[in-house]
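Step one of this worksheet: look at the structure below.
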Amino acid sequence: MIRVRRSAVIDAPIDRVWQVLRDFNSHSAWHPAVGPSRIENGEPADQVGCIRNFTLKDGNHIREQLLALSDREHISTYCILDATLPMRNYVATVRLKKVTDGDRTFWHWESTFDVPRGREQEFEQLVGGGVYEGGFKGLSDFLLSSGRLPSSLPQTEEAAVVATGFGGPEVLRYQPLKTKPPKAGEVRVQHAAVGVNYIDVYIRKGLYRMIEPPAPIGMEAAGVVIESNAAGFRPGDRVAYASPQPGAYATVRTMPADSLVLIPEWLDFETAAAVMLKGMTAEYLLHRTFRVRPGDTVLVHAAAGGVGLFLCQWAKALGAKVIGTVSTEGKAALARQNGCDHPIVSRKYSFSREVKNLTGNRGADVIYDGLGKEAAAENLEALALRGHWVSYGQASGAHDSFPDLTAKSGTLSRPVLFHYTAERAMLNEIAGNVFRALQDGTIRAEIRHRYPLGAAADAHRDLEARRTAGAVVLLP
């Protein structure tokens, strides 16, 4: 049996390195030897037992299974189930440790396996050199490119994902789209990462008439300013935004500077793109629409989604009792790991009885509802007396009308993020609170799904089919 060990120091914080490595399907984005890859059966890419089915760039085919994952210890273990390579009994472990001098990460990668007699040296070099050492360099380069771009950028193809009409994911087309020079108060931004949100689905379907096709969609992204005609922004600035005007699904965008914020040097682009809309939504819902206090009971719908995870994490940090609804046991485990005390598994919008059981028949003090029409009756039943129902989304369809809240002396809010961030001072305050919450660990971005920008339609299909959990990003 061969034992292969390799180690390296990665010039990035341990949380950033682990954020990539804990995604069992991330290798196709950063490893130079790995080609197309998918997780079988639509399971989350960090669910123990999930199977990764991928092709190496040399043509070989491998199926691997995740055996163990520890966020506390920063360790994952996996094995090969099937391979066209003559490797048997392959078991590997990835282990990270924080380097004490500087914000860097020690990465140890080792495996044991059997190969035909006489080929030991060949495979020791293949695994140790091509897989492990190649992986160290590949991830370092990936983190550098996704975390910061030089102030002087090479020319990039200007293209965008355009909704050619209103309808299903098939209306999305990736096509060349030239940007115009910025007018007064505008900037041109080269995107490094683009966030995907359920509002993008509403816009694509025409439920929110925020575009007239053909037009690009997308509300949030992060990247580098490459041309500016606006005070406060210069070429080379690292920026992110959640914009009230769609158009983020693009490699380059000319846009008003009013929506942009500068991002800290420690914050990578993928995380910034994943937290602008979703993180700021969680901030205003928890701190402004309804101020959550210690001891409050909070009901979070879609608790394993992008906004839902932030709500669970932040509400728990505020001292609330957090109940969540999810559609699968895997998503229940994810929600539980992120602050949800009691995840309720249901695909049929049936949750009020369990909420009542968990609260001594009292109900929830506040309900954060992104589900919409199909959950309306259950929400009223689950609401506590004098409770507050926050309807901020409509994944199951728009409300025809709301139930009579006088039965509970309840109150209702229908908030919109962009009304809270319309003024520059408030935008800076809310974004700053999100960045501080990320830095001190109150919240963390669970980026579990990465797609090339041109595969935006696939991202929408997975999002609508509930095959995603956590944040979804597109990479131009």
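All of GLY339, GLY360 fail the test of being touching a Lys or Arg at 6+ places or on another chain (Cβ under 7 Å) and not in a strand (DSSP E or B), apart from GLY339. The residue that is nearest to GLU464 (Cα to Cα), among those in region 26-65 that are in a loop (DSSP other than H, G, I, E, B) and free of Cβ contacts under 8 Å to residues at least 40 places away in the same chain, is CYS50.
For region 88-104, a residue qualifies if it is closer than 24 Å to CYS50 by Cβ and either hydroxyl-bearing (Ser, Thr, Tyr) or exposed (fewer than 14 other Cβ atoms within 10 Å of the Cβ) (or both), and the qualifying residues are ARG88, ASN89, TYR90, VAL91, THR93. Among the residues of region 89-116, those identified as part of a strand (DSSP E or B) and of a type in the set (A, V, I, L, M, F, W, C) are VAL91, ALA92, VAL94, LEU96, VAL99, PHE106, TRP107, TRP109, PHE113. Annotation note: Cβ proximity below 6 Å between a residue of region 309-336 that is more than 18 Å from ASN379 (Cβ to Cβ) and a residue that is basic (Lys, Arg) (sequence gap 6+ or interchain) occurs for PHE310/LYS278. Restricting attention to region 318-366 and to residues that are buried (at least 18 other Cβ atoms within 10 Å of the Cβ) and of a type in the set (D, E, K, R), the residue that is nearest to the chain's Cα centre (by Cα) turns out to be LYS331. Scanning region 276-308 for residues that are open to solvent by 10 Å² or more (accessible area, probe 1.4 Å), over 17 Å from MET219 (Cβ atoms) and in a helix (DSSP H, G or I) yields a count of 3.
Taken together, the residues in region 217-258 that are over 24 Å from the mean Cα position of the chain (by Cα), in a strand (DSSP E or B) and of a type outside the set (Ser, Thr, Tyr) amount to 3. State whether one or more residues within region 78-87 are touching a Leu at 6+ places or on another chain (Cβ under 9 Å), open to solvent by less than 30 Å² (accessible area, probe 1.4 Å), closer than 21 Å to LEU334 by Cα and at pLDDT 95 or above. Yes, there is a match, as at least one residue in region 78-87 is touching a Leu at 6+ places or on another chain (Cβ under 9 Å), open to solvent by less than 30 Å² (accessible area, probe 1.4 Å), closer than 21 Å to LEU334 by Cα and at pLDDT 95 or above.
Before we move on, is ARG6 at negative phi and touching a Gly at 6+ places or on another chain (Cβ under 6 Å)? So ARG6 fits the description; yes. Selection of region 160-216 for residues being over 24 Å from VAL307 (Cα atoms), free of Cβ contacts under 8 Å to residues at least 24 places away in the same chain and in a loop (DSSP other than H, G, I, E, B) yields LYS178, GLU212.
As for region 447-466, it holds no residue that is in a loop (DSSP other than H, G, I, E, B) and touching an Asp or Glu at 6+ places or on another chain (Cβ under 9 Å).
Conditions tested, residue by residue: (1) over 26 Å from the mean Cα position of the chain (by Cα); (2) under 30 Å from ASP46 (Cα atoms); (3) not aliphatic (A, V, I, L, M).
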| site | (1), (2), (3) |
| --- | --- |
| GLY370 | no, yes, yes |
| GLU381 | yes, no, yes |
| VAL390 | no, no, no |
| ASP400 | yes, no, yes |
| THR406 | yes, no, yes |
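Residues in region 433-446 that are part of a helix (DSSP H, G or I) and either touching a residue at least 12 places away in the same chain (Cβ under 8 Å) or on the phi > 0 side of the Ramachandran plot (or both): ASN433, VAL434, PHE435, ALA437, LEU438, GLN439.
For region 178-200, the criterion of being at positive phi and either in contact with an Asp or Glu (Cβ under 8 Å, 6 or more places away or on another chain) or of a type in the set (Ser, Thr, Tyr) (or both) is met by at least one residue. Going by the structure shown, is ASP11 out of contact with any helix residue (DSSP H, G or I) (no Cβ under 7 Å at 6 or more places or on another chain), surrounded by fewer than 17 Cβ atoms within 10 Å (Cβ to Cβ) and under 18 Å from GLY135 (Cα atoms)? No; evaluated as a whole, the condition is false for this residue.
Hey, does region 381-392 have a residue that's open to solvent by less than 60 Å² (accessible area, probe 1.4 Å), assigned to a helix (DSSP H, G or I) and of a type outside the set (Gly, Ala, Ser)? No, that holds for no residue. So, LEU383, is that one within 28 Å of TYR202 (Cα to Cα) and in contact with a Ser or Thr (Cβ under 8 Å, 6 or more places away or on another chain) or not? The answer is no for LEU383. Every listed requirement among (1) at pLDDT 95 or above; (2) closer than 26 Å to ASP103 by Cα; (3) open to solvent by 20 Å² or more (accessible area, probe 1.4 Å); (4) not β-branched (Val, Ile, Thr) is met by GLN19 save one, (1).
The values are calculated or read from the model by the stated rules, or taken from the named source; none is laboratory data. Computed from a prediction, not measured in an experiment: that's the story for all the values here. All Cβ positions, even for glycine, are placed from backbone atoms using ideal geometry, and neighbour counts span all protein chains on display. SASA here: full protein model, heavy atoms, side chains in, ligands and nucleic acids out. Shrake-Rupley method; radii C 1.70, N 1.55, O 1.52, S 1.80 Å.
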